[in-house]
Amino acid sequence: MNKLAKFARKPAVKKVFGIFMCIMMMFTMALPSFATEGDIPTSNYSDEAAAGMQEVLDQVTATLSIGSILKFVAVAVGIAIGFFLFWWGTRKVVKIVRKAFASGKVSV
């Protein structure tokens with residue numbers, strides 16, 4: 001058992017095992033694509049795919065506008081500023097408490 005453990009700890013073995021596992025995951029994820037029910041139609045799906053993509057693109061461009069993007073950015077910046085102030089305030093309070101315990105006095 002020790003020989004197997006030593007063998008498994010080698011970097012080359014870890015890399016080979018990692019590659020093998022990646023390949024196995026790709027095969028298992030691709031497997032359902034080969035499962036079909038009934039007859040397999042022989043028609044060309046390129047026109048249907050293009051129409052579907054055009055419909056999705058139309059919906060996305062209708063949903064996204066300059067106003068909605070600016071609202072999202074404003075909310076994200078506001079949240080980031082809030083997190084920064086919370087972080088800074090927490091550090092300040094911790095510093096004051098540590099100083100108070102070290103010196104016996106509370107000062108700001």
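Take the conditions modelled with pLDDT under 90, surrounded by 10 or more Cβ atoms within 10 Å (Cβ to Cβ) and assigned to a helix (DSSP H, G or I) and apply them to VAL13. Does it pass?
Answer is yes for this residue.
Is it true that GLY67 is over 23 Å from the mean Cα position of the chain (by Cα), at pLDDT below 90 and open to solvent by less than 70 Å² (accessible area, probe 1.4 Å)? Break it down stepwise before answering.
Details: over 23 Å from the mean Cα position of the chain (by Cα): yes; at pLDDT below 90: yes; open to solvent by less than 70 Å² (accessible area, probe 1.4 Å): yes.
Yes.
The values are calculated or read from the model by the stated rules, or taken from the named source; none is laboratory data. Source: prediction; values computed, not measured. When we count neighbours, we look across all protein chains shown, and the Cβ atoms used for this are built from the backbone with ideal geometry, even at glycine. For accessibility, only protein heavy atoms count, side chains too; no ligands or nucleic acids. Shrake-Rupley method; radii C 1.70, N 1.55, O 1.52, S 1.80 Å.
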